[in-house]
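Single-structure report; data block below.
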Amino acid sequence: MKLDNLKPGESGVIKTVGGEGALRLRLLDMGIIPKTKVKVQKIAPLGDPIQILIRGYDLTLRKEDAAMIDVEKEVR
């Protein structure tokens, strides 16, 4: 499942980070690395951007970038 498919309030664990070159490095530098828990906080009214909680801080990602991140949805 991709990160952009999670709904507000849902969480998951990052499996892989896609993308190439500078974009992938930027995502990794922001703490988006495999085996990290992530929770979707909010989604803008038109669906872009997405606000997530990762490693104790809020991060806003474009939907296009979130679509490159594979997550395993946590089941409650």
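The values are calculated or read from the model by the stated rules, or taken from the named source; none is laboratory data. Computed from a predicted structure; not experimentally measured. Note that we place each Cβ from the backbone using ideal geometry, even for glycine, and neighbour counts take in every protein chain shown. Calculation scope for accessible area: heavy atoms of the full protein, side chains included, ligands and nucleic acids excluded. Shrake-Rupley method; radii C 1.70, N 1.55, O 1.52, S 1.80 Å.
With the contact rule set at Cα under 8 Å and sequence spacing of 6 or more, what percent relative contact order holds for the chain?
Across the chain, relative contact order equals 43 percent.
Of the whole protein surface, Met1 contributes about 100 Å² of accessible area at a 1.4 Å probe radius. For trypsin sites (Lys or Arg not before Pro), the sites in the range 17-52 that DSSP calls loop and that have at most 11 other Cβ atoms within 10 Å are Lys35. In whole percent, how big is the carbon plus sulfur part of the accessible area of the chain, probe 1.4 Å, protein atoms only? That share works out to 53 percent. Note that the range 25-34 has calculated 3J(HN,Hα) couplings of 4, 5, 4, 5, 5, 7, x, 8, 10, x Hz, one per residue in order, obtained from phi through the Karplus relation 6.51 cos²θ - 1.76 cosθ + 1.60 (θ = phi - 60°); glycine and proline are x.
With the alpha-carbon atoms of the chain aligned to their principal axes, the span from lowest to highest coordinate is 32, 27, 23 Å, starting with the largest. Using only side-chain charges placed at the Cβ, +1 for Lys and Arg and -1 for Asp and Glu, the dipole size of the chain relative to its Cα centre rounds to 240 debye. The Cβ shell under 15 Å around Lys42 holds other residues with a net charge of 0, Lys and Arg each +1, Asp and Glu each -1.
Here the calculated FRET efficiency for Leu53 and Ala22, from their Cβ-Cβ distance with R0 = 22 Å, stands at 0.35, rounded to the nearest 0.05.
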